[in-house]
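Values in this text are rule-based calculations from the coordinates and carry no lab data. Bear in mind the structure is a predicted one, so any value in this text is a computation, not a measurement. Neighbour counts run over all protein chains shown; Cβ positions are idealised from the backbone, glycine included.
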Amino acid sequence: MSIKQVVRALLAGAVLLLVLCALSFMALHGSIKKLIAAQENYTDSLKLAEELRQSSDDLTNFARLYVQTGNEKYKEIYMDIVNIRAGKQARPVGYNADFWSTVPENVKAAVANTEGEPIKLTDLMRKQGFTDDEMDLLQQASDLSTKLAETETIAFNAIAHQLSAEEVRKKQPEESEEAFANRIMNDSTYMSQKNAIMTPLNQFETLLENRLDSSIAHMLSQVRMYSVVMILSLILVALSFAIIFTYVIRKIVYPIEKMTRAIGKGEDGKVFINEIHLVVKNDLRRLADNINDAMSQMRSFLNATNQAITTQASSSEELSCASDTLAEVSHQMAIRITESAKQADSQMQATSGSAESM
């Protein structure tokens, strides 16, 4: 593969891993937010469940205190609890299960500082996401508490000396109204009704806690999963950049340095090009091979040219020698011809003199 193709592939892989890392981070962030919301829902739901249970106990306690002491403050607190739970009265600031753990001196002042509009406790539970099964159990507890409230109302009427004829028939002979009120608020019938309310409340709390625990566990598993995915993505991103760095150094930088050392200028200022040997298999190897081939061809051409020049010089020398020889021969021939001519002329003169003598 070419350097361009390899680098593109490596960068594409790194980009995909970065995208995967970003997506896993977003998923992890969303899961953490859901987990935080689930934990807050868990806490708020348990607070509402505890408020419901505690309000039932508070109603019993303050009803008994009113019956025992006749102090109207306890009845006032009793009615405030009923009205707040039923959504007929706004909830005081900071209202929770422990709100009535300390009896206030001024009840009206304690419930005067309210927040928001009046809302039923059951409606708050529905807004909190309580399931239909959980609300059904609360409805069972509410139906049972209605019977308990009837007994408490009779006891209140007895303390106020306002018993109806039917309620009077429930008294024992010569039993005072105060004694009657205390008896019906503490007898086995009342305790049985009280325990009956606790049964669906206990089932409700168990069902609620199981659901919330399951929700938290699910959110935690998602957070763990996305954490692992993000960590793996980060590791893969780091590895991809390490691979890119290693590739660039070993397959590009080192070969270029080797080529740079093979081609350059010597101390005498002359350019030198040595044969380049690269072990990489990419564009630089092909470039080095092409340079080596070009230099080999250039060397062959120069050797052939040098040989031709040498041959031509040798031929010129031979021609020069032949020319000198030919000139020498021509000179000798000229001398011989001249001598022959002189001899012939001498013979002609001699012949001519002989003829004249005759």
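General remarks:
- The convex hull built on the alpha-carbon positions of the range 182-314 has an orientation-averaged projected area of 17.1 nm².
- The chain - Debye-derived log10 I(q)/I(0), Cα point model, q = 0.07 Å⁻¹: -0.66
- Computed with the Debye formula from one identical point scatterer per Cα of the range 88-247, without solvent, the log10 of I(q)/I(0) at q = 0.17, 0.18 Å⁻¹ comes to -1.19, -1.23.
- Kyte-Doolittle mean at least 0.5 and Cα axial length at least 15 Å: DSSP H helices in the chain: 188-247
- The chain - percent relative contact order, Cα under 8 Å, separation 6 or more: 21
- Charge dipole of the chain about the Cα centre (unit charges at C-beta), most positive-ward option of 221, 48, 3: 3
- With N as its number of residues, the range 37-93 has a Cα radius of gyration that, divided by 2.2 N^0.38 Å, comes to 1.35.
- Net charge dipole, the chain: roughly 600 debye, given to the nearest 20, about the Cα centre with Cβ charges of +1 for Lys and Arg and -1 for Asp and Glu.
- Stretch in the chain that is longest and holds no GluC sites (Glu not before Pro) that DSSP places in a loop and that have at most 11 other beta carbons within 10 Å: 1-104
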